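> Pasting a structure below so you can have a look.
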Amino acid sequence: MQTVWLTGAEWLAVLRIGLGLWWLESWRHKDRKGWFERGTGIAWAAGVAAEHRWGAVRTGFEKVVAPRPRLMAYIVVYAELALGLGLVAGFLTPIALVGGLLLNLLYLVLMIHDWAEQGQNAMMALISLVALFALSWQTWSLDHAIGLFG
C-alpha cells in the first residue's frame, strides 16, 4: 500500500489512537457526579428506553439496567475510559475494539430515533471494524511491543 507521509500500518494506528481519543473525550465530558450520585445518565436512558419503538429495548432495559442503575452508571462511564486508554496505548486492542463496537451498537439501538447521535455511533463502530480487521495494534502499541495478538 502506498501512502503519503506514513505507512499504511501507521495510518491504521492513527485511526485507532483517534478512536481512543474520541472515547476519552466521551468520558471526559460526562458529568460523573450526576451519573454516580444523582443517576442522571441512567435516568435519561430509562426515559429513552421507555419511549423506544422496539419492545425488546424496553424489556431489555427493564430487566438488565433498571434493577441496578448505580452499577450500570459505573460500567458505562468507566468502560468509556478503559476503551479510550486501551486504544490510545494499544493495550488489549482487539478486546477494546470489540468492546467499543458492542457499546456503540448498544448506543445505536437505544438512540435509533436520534440521527445526530446515530452519526457519531455509526462512525465509531465503522472505525472499530476497520481497526479490528486491519490489525491496527501492529504499530505503535503496547500489544506489539510485548508480543500480544501476533
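The values are calculated or read from the model by the stated rules, or taken from the named source; none is laboratory data. Quantities reported herein were computed from a predicted structural model and do not represent experimental measurements. In this analysis, Cβ positions are derived from the backbone assuming ideal geometry, glycine residues included, and neighbour counts consider all displayed protein chains. When the accessible area is computed, the model is the full protein with side chains, heavy atoms only, and any ligands, DNA or RNA have been set aside. Shrake-Rupley method; radii C 1.70, N 1.55, O 1.52, S 1.80 Å.
> Considering only Asn104, Ala131, Gly84, whose Cα is most displaced toward the positive end of the charge dipole of region 52-150, charges sitting on Cβ of Lys, Arg (+1) and Asp, Glu (-1)?
So the residue we want is Asn104.
> Here's a follow-up. What shape does region 62-148 have by the C-alpha gyration tensor, where a ≥ b ≥ c are the square roots of the eigenvalues, rounded means a/c under 1.5, and otherwise prolate means a/b greater than b/c and oblate the rest? Please report the intermediate quantities before stating the final value.
Details: a/c = 2.96, a/b = 1.56, b/c = 1.89.
Note, shape of region 62-148 comes out oblate.
> Roughly to the nearest percent, how much of the accessible area of the chain is carbon and sulfur, given a 1.4 Å probe? Provide the component values of the computation, followed by the final result.
Values: 6010 of 8640 Å².
C and S atoms contribute 70 percent here.
> List, in order, the whole-Hz ³J(HN,Hα) value for each residue of region 51-60 obtained from phi through the Karplus relation with A = 6.51, B = -1.76, C = 1.60 and θ = phi - 60°; use x for Gly and Pro.
With the stated coefficients, region 51-60 comes to 9, 5, 6, 9, x, 4, 5, 4, 4, x Hz.
> At a probe size of 1.4 Å, how large is the accessible area of Ile17, to the nearest 10 Å²?
40
> Shifting gears a bit: How much accessible area per residue does the chain have, in Å², with a 1.4 Å probe?
On the way: 8640 Å² over 150 residues.
Value for the chain: 58 Å² per residue.
> With each run of n ≥ 4 DSSP H residues scored as -39500 (n - 2.57), what mean residue ellipticity at 222 nm is computed for the chain after dividing by its residue count and rounding to the nearest 500 deg cm²/dmol?
-22000 deg cm²/dmol
> Whole-Hz ³J(HN,Hα) for each residue in region 79-85, computed from phi via Karplus 6.51 cos²θ - 1.76 cosθ + 1.60 with θ = phi - 60°, x for glycine and proline: what do you get?
5, 5, 5, 4, 4, x, 5
> Shifting gears a bit: Apply the Karplus parameterisation 6.51 cos²θ - 1.76 cosθ + 1.60, with θ equal to phi minus 60°, to every residue of region 94-101 and state each ³J(HN,Hα) to the nearest whole Hz, in sequence, with x for glycine and proline.
Once rounded to whole Hz, the list reads x, 5, 5, 5, 5, x, x, 4.
> Out of these labelled values of semi-axes √(5λ) of the Cα gyration tensor in Å, (1) 60, 13, 11; (2) 38, 19, 12; (3) 32, 16, 13, which was calculated from the coordinates shown here?
Computing semi-axes √(5λ) of the Cα gyration tensor in Å and matching it to (1) 60, 13, 11; (2) 38, 19, 12; (3) 32, 16, 13 gives (3).
> Which value, in Å² rounded to 10, gives the accessible area of Asp31 with a 1.4 Å probe and all protein chains present?
80
> OK, next. Taking 41 Å as R0, compute the FRET efficiency from the Cβ-Cβ separation of Ala145 and Arg53 and round it to 0.05. Intermediate results must be reported in sequence, preceding the final value.
Details: r = 47 Å, r/R0 = 1.14.
The pair Ala145/Arg53 has a calculated efficiency of 0.30.
> To continue, here is another question. Could you state how much accessible area His29 has, in square angstrom rounded to the nearest 10, with a 1.4 Å probe and all protein chains kept in place?
Number for this one is 110 Å².
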